[in-house]
Amino acid sequence: MLFQNEIIVRLIAASVLQVWPIFYLSYFTYRLLRRAKNRSTYILSAYFVTTALAYFLATLSIFLTNTPFAYIIYVLSIYVFVFSYSFLINFSWLLTRLDEKPHYTKLYLRIIFYAILSLYVIVISIPFNGIALDASTGWTPNYSWLFLVFSWIYFLILLIIPQIYFSFKILKVYEGVVLKKRLNSFIFSVFLSLSLAISLFLYHTWIENLIFRTFHIFLGLVFGISAAYLIYKGFGKQLE
């Protein structure tokens, strides 16, 4: 009975913390594509779609608790979550080339590159038990420190450093005061989103620290909504 109560509590928590992002990310996608349909908005909306998909799969895994599908679907959700950030990097790359002819081949290759490297989630999770999710963990995700280190290295080398480079480059390319405000908002929101991802991985690894986990739960949702809104607000319209 106690175990069943814990599952019910977790289902309720998932409904609040994981289902809500699906709605607001879907809403931003709808508004973005309603205003314009071009390569830039497609890439930016892909970030919202894949992130929403990651939350959906993570929520689905909870409803499949006590089945052999829960673990696989959850690991897949983390893979999609990590891969989703590649669209922010590629969007920043496009911002430095809006005045050039479309380079769809280069864009597709960059996306495939990140899709392949993001497979580290599956490689470290399954063969090396990087992510544990079963009865022994109370059906709560538990990441190993090895998985955490690999994830942070991935974020640092393939996401944070490239984003720093593109951020400086973008600010040099555009001179308009109004546009620079939007650029600053976008850059800030990207790094805020990346910091939340880093915190999320630590949340599932440092499970004995209740203070940090409580801090992450309450502020993570607020910062997550803020980051998504600022990304949408910065380039939700008049983007060619």
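Read-outs: derived from the displayed coordinates by stated rules, not from any lab. Note that the structure is predicted; figures quoted are calculated from it, not measured. Reconstructed Cβ throughout: ideal geometry from the backbone, glycine too, with neighbour counts over all protein chains shown.
When the chain is fully extended, how far beyond the present Cα-Cα distance does residue 185 get from residue 17, taking 0.36 nm per residue of separation?
Length gained, residue 185 through residue 17: 58.0 nm.
To test your reading of the geometry: what angle, between 0 and 90 degrees and rounded to tens, separates the Cα axis of helix 145-154 from the longest principal axis of the chain?
Rounded to the nearest ten degrees, it is 10.
With each label point set 7 Å from Cα along the Cα-Cβ vector, what nm distance links residue 215 and residue 97?
The modelled label-to-label distance comes out at 4.0 nm.
Can you put 78, 211 in order, fewest other beta carbons within 10 Å first?
Result, fewest neighbours first: 211, 78.
At a threshold of 8 angstrom on Cα-Cα distance, excluding pairs fewer than six apart, so keeping six or more, what relative contact order does the chain reach in percent?
On the way: 244 pairs, mean separation 50.8, N = 240.
In percent, rounded to a whole number, it is 21.
Tell me, in nm to one decimal, what length is gained between residue 30 and residue 229 on full extension, where the rule is 0.36 nm per residue of separation less the Cα-Cα distance?
On the way: separation 199, 0.36 × 199 = 71.64 nm, distance 1.30 nm.
So the chain would gain 70.3 nm between residue 30 and residue 229.
Between helix 69-95 and the chain, what is the angle of the helix's C-alpha long axis to the longest principal axis, kept within 0 to 90° and rounded to the nearest 10?
Tilt of helix 69-95: around 10 degrees.
Which stretch or stretches of region 84-98 have amide N atoms under 20 Å from the point lying 7 Å from residue 116's Cα along the Cα→Cβ direction?
The answer is 84-91.
Quick one: net charge around residue 186, please, counting Lys, Arg +1 and Asp, Glu -1 for every other residue with C-beta under 11 Å from its C-beta. Numbers along the way, then the final one.
On the way: positive: 180, 181, 182, 233; negative: none.
Spelling it out: positives minus negatives among the neighbours equals +4.
So, in the chain, how many Lys pairs have Cα atoms under 14 Å apart, if the pair is 8 or more places apart or on different chains?
Details: 37/237; 169/180; 172/180; 172/181; 180/233; 181/233.
Lysine pairs meeting both conditions in the chain amount to 6.
Taking the Cα centre of the chain as origin, work out the dipole magnitude from +1 charges on Lys and Arg Cβ and -1 charges on Asp and Glu Cβ, in debye rounded to 20. Numbers along the way, then the final one.
On the way: 18 positive and 7 negative charges, 229 e Å.
Here the chain has a charge dipole of around 1100 debye.
Calculate how steeply helix 161-173 sits against the longest principal axis of the alpha-carbon atoms of the chain, using the helix alpha-carbon long axis, and give the answer as 0 to 90 degrees to the nearest 10.
With rounding to tens, the tilt is 20 degrees.
Could you go through region 185-196 in sequence order and give the Karplus-derived ³J(HN,Hα) for each residue, using 6.51 cos²θ - 1.76 cosθ + 1.60 with θ = phi - 60°, rounded to whole Hz, and x for Gly and Pro?
5, 5, 4, 4, 5, 5, 5, 5, 5, 5, 5, 5
Using the number of other C-beta atoms within 10 angstrom as an exposure proxy, rank 122, 161 with the fewest first. Don't skip to the answer; put the middle values down first.
Values: 122 16, 161 11.
Fewest to most other Cβ atoms nearby, the residues stand as 161, 122.
Could you work out which residue, out of 171, 88, 32, moves most in a Gaussian network model of the chain, that is, has the largest mean-square fluctuation with Cα springs under 10 Å?
Sorting by GNM fluctuation, first place goes to 171.
Along region 117-132, what does the Karplus equation 6.51 cos²θ - 1.76 cosθ + 1.60 (θ = phi - 60°) give for ³J(HN,Hα), rounded to whole Hz, x for Gly and Pro?
Each residue of region 117-132 in turn: 5, 5, 5, 4, 4, 6, 5, 6, 6, 7, x, 10, 6, x, 10, 10 Hz.
Which value, in debye to the nearest 20, gives the size of the charge dipole of region 130-240 about its Cα centre, when Lys and Arg are +1 and Asp and Glu are -1 at the Cβ? Intermediate results must be reported in sequence, preceding the final value.
Working: 8 positive and 4 negative charges, 117 e Å.
The calculation lands at about 560 debye.
With springs connecting C-alpha atoms under 10 Å apart, model the chain as a Gaussian network and identify which of 21, 68, 141 has the largest mean-square fluctuation.
68
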